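Structure first, commentary second.
The values are calculated or read from the model by the stated rules, or taken from the named source; none is laboratory data. This structure is a prediction, so every number in the text was calculated from the model and none was measured. Note: areas computed on protein heavy atoms with side chains; ligands, DNA, RNA excluded. Shrake-Rupley method; radii C 1.70, N 1.55, O 1.52, S 1.80 Å.
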Amino acid sequence: MFRPILLCAIHSGMRRGEILNLKWSDVDFRARLITVRIAKSGKQRKIPIDDTLFSTLAKLTSRFANGFVFPSPKKAGAPYQDIHHTWDDWSERLGSSMCAFTTCDTPSPVTW
């Protein structure tokens, strides 16, 4: 589950809380837009969905459940919560303890 979350951060520029609380009702595949209902600024914003993010989201089986895009594996009806341990593991494998998840919430042309 972590890879799609990470790709969403990289390809959308969304913040961790925006990603984890994202619902399928906020994803418009036809218009290729994600609606963040309440951004950090307190305002609603629209984020374009690029090809990589489109294919990543389309592969998620949670899209058939009408709930959270990244649902909790432990609690039904709740969003995925704890990415800290997974992030720390990935950072360690990459040899970069200086890297934080917030480093990823800037749109980038990087593809995986």
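Annotation: lysines with alpha-carbon distance below 16 angstrom to residue 75 (same-chain offsets under eight excluded): 23. Report residue 28's accessible area, 1.4 Å probe, all protein chains in place, as a number in Å² to the nearest 10. For residue 28, the solvent-accessible surface is approximately 70 Å². One equal scatterer on each Cα of the range 1-57, no solvent, Debye formula: the resulting log10 I(q)/I(0) at q = 0.16 Å⁻¹ is -0.42.
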